[in-house]
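Worksheet: the structure to be examined is printed underneath.
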Amino acid sequence: MAIELAPLPLPSTADASKFTEFGREVKGVNPGELSPEQLEQVQMLLYKHDALLFRNVDLSPEQQYALTKAFDLASESYGHGNNKISKEAKSILHPHLKTIPRVPQVQLIGNGLAPAHEGLPPVELKHPSHTTFHKTPHTIDPGTTRFYRWHMDAALYELEPPRVTTLYSIRVPQGPHQRCLYDDGTGDELDVPLGTTAFVSGKTMFDILPPELKSVAVRAKARYAPHPYVWMATAHAMSTGLGLETEGLELPLEKLPEWNEEGVKIYPVTWKNPVTGNLHFQVHPCGVQELLIDPLPEGASRNGALYPDGASLKDLKEVRDLLYKMQRPAIAPSLVYPHDWREKDLMLFHNRGILHSVVGQFAPDQLRMFHQCNLAASDEPIGPSAEDVAAYA
């Protein structure tokens, strides 16, 4: 069968001009049984479009793991380590992930009391909610919600960020749309399907920056806290889900699980797409502890430049304010793709090129079951080239 492509079903709120290359629905092939030629084509399509949707797919955990691994044959363990989250009860991720026993690279996530499933006994699933993580949760009525936390799937300590994430829907509860409120004084809000996963393009996030912030983005590196999901678990997120409030509530480093400096991750702020060569602004704002900014390259204009001599920003509020200034424009309602899940949807997304967020609240009796798979990569992300720095700095 030939692969057919169709645009993703954009909501009326989306600025279609910003989604001309982002996202495609793939038809005509079974993603669990791709031929080598089809797999190669799907890989190229993913890096070109950053998100691929397959509808009405029957996919076993073994097939999902094999498909995910095909993007990085040297990868093996789940993105946070096989069965590792279950051993870190203090991690903010701990309540939300249940490992499929025979395929530990695949996690069961969702909401409600799930029946015995793929070797797991009946288990209570917990859908992440902003009401337990944001500093000022919005609780006016059940028809409103917020973005929970904008992120990429990555341990950000010891293990490298996965190249792709695969997300497969098994049970999708039905219900009215909700209004996702930003509650940041802008009046921004977004109509979203119940339990949507929201996506934004890291390429767009970089492209829409003004020149002085593009210059910072290509010169900067983000240093993440050790065990960042334990470090942030006692802190509160901002109302947009885009980073943490600075209240001094992060767990002190001496109280974290044992860690070493070699495991601490420092990544470029912009990551280079291996197929298109585009730069993607790729930062998990909740986990960043420090920003390291290189000086302007020799010969670059210093007129209007920020941090022309470079900088090491250690003050958390300064770090977070700068990242927020650069990232907030890209989560504007017109730039968000909120996926309207159907049962047996499979979404592949370029985990090194986009950010995503859980959205929405469910009633306790609304059963939602998804399989998620991502694999700690065998390589580090590639940052901007010297030519990129010269072009933008």
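Nothing in this text is a laboratory measurement; each read-out follows from the coordinates by a stated rule. Computed from a predicted model, the values in this text were never measured in an experiment. Counting neighbours? That spans all protein chains shown, and the Cβs are built from the backbone with ideal geometry, glycine included.
In terms of the Cα gyration tensor, with a ≥ b ≥ c the square roots of its eigenvalues, is the range 151-250 rounded because a/c is under 1.5, prolate because a/b exceeds b/c, or oblate?
Rounded is the answer for the range 151-250, as its axis ratio a/c remains below 1.5.
Of ALA198, PRO257, ALA237, whose Cα points farthest to the positive end of the dipole of the range 145-258 (charges on the beta-carbon: +1 Lys, Arg; -1 Asp, Glu; origin at the Cα centre)?
Value computed over the given set: ALA198.
If I take every Cα pair under 8 Å that is 6 or more residues apart in the range 113-252, average their sequence separation and divide by the length, what percent do I get for the relative contact order?
Relative CO of the range 113-252 lands at 27 percent.
log10 I(q)/I(0), Debye, Cα-only the chain, no solvent, q = 0.06 Å⁻¹?
Rounded to two decimals, the profile gives -0.22.
Can you sort TRP150, TRP259, TRP341 by how many other beta carbons sit within 10 Å, fewest first?
TRP259, TRP341, TRP150
Give me the extension gain from ALA6 to ALA70: residue separation times 0.36 nm, minus the current Cα-Cα distance, reported in nm with one decimal.
20.7 nm
Taking the beta-carbon count within 10 Å as an exposure proxy, list HIS80, HIS177 from fewest neighbours to most.
So the ranking, lowest neighbour count to highest, is HIS177, HIS80.
Most mobile of ASN303, ASN260, ASN278 per a Gaussian network model of the chain (Cα springs, under 10 Å)?
Among ASN303, ASN260, ASN278, the largest mean-square fluctuation in the Gaussian network model of the chain belongs to ASN303.
Among the aspartates and glutamates, which fall within straight-line cross-link reach of LYS48, defined as a Cα-Cα distance under 18 Å, with same-chain neighbours fewer than 8 residues apart omitted?
Straight-line reach from LYS48, under 18 Å: GLU4, GLU21, GLU25, GLU37, GLU40, ASP72, ASP207.
Could you list SER60, SER129, SER312, SER75 so that the one with the fewest beta carbons within 10 Å of its beta carbon is first and the one with the most is last?
Neighbour counts put them in this order, fewest first: SER312, SER60, SER129, SER75.
Cut-off 10 angstrom, C-alpha nodes, Gaussian network model of the chain. Which of LEU108, LEU253, LEU194 fluctuates the most?
Fluctuation is largest for LEU253.
Using alpha-carbon pairs under 8 Å, 6+ residues apart, how would you state the relative contact order of the chain in percent?
Over the chain, the number comes to 29 percent.
Filter LYS272/LYS314; LYS221/LYS317; LYS98/LYS255; LYS214/LYS255 down to the pairs with a C-alpha to C-alpha distance above 28 Å, please.
Working: LYS272/LYS314 25 Å; LYS221/LYS317 17 Å; LYS98/LYS255 26 Å; LYS214/LYS255 36 Å.
Beyond 28 Å between Cα atoms: LYS214/LYS255.
Scale the Cα Rg of the range 1-62 by the rule-of-thumb value 2.2 N^0.38 Å and send over the ratio, two decimals. Let's see the in-between values first.
On the way: Rg = 12.7 Å, N = 62, 2.2 N^0.38 = 10.6 Å.
Rounded to two decimals, the normalised Rg is 1.21.
One-quarter of the Cα convex hull surface for the range 261-300, in nm²?
For the Cα atoms of the range 261-300, the hull's average projected area reads 4.6 nm².
Given points 7 Å out from each Cα along the Cα-Cβ axis, report the GLU118 to GLU318 separation in nanometres with one decimal.
Once both label points are built, they end up 4.6 nm from each other.
Over the range 1-74, what is the relative contact order in percent, taking alpha-carbon pairs closer than 8 angstrom and at least six residues apart?
34
Specify whether the C-alpha gyration tensor of the range 334-393 places it in the rounded, prolate or oblate class, a ≥ b ≥ c being the square roots of the eigenvalues: rounded for a/c under 1.5, otherwise prolate if a/b is larger than b/c and oblate if not.
Here the range 334-393 falls in the prolate category.
Using helices alone, what [θ] at 222 nm do you get for the chain, with -39,500 (n - 2.57) per DSSP H run of 4 or more residues, divided over all residues and rounded to the nearest 500?
Helix-only estimate at 222 nm: -4500 deg cm²/dmol.
Taking only Cα atoms and a 10 Å spring cutoff, compute GNM fluctuations for the chain and point out the largest among THR165, THR196, THR20.
Answer for the Gaussian network model of the chain: THR20.
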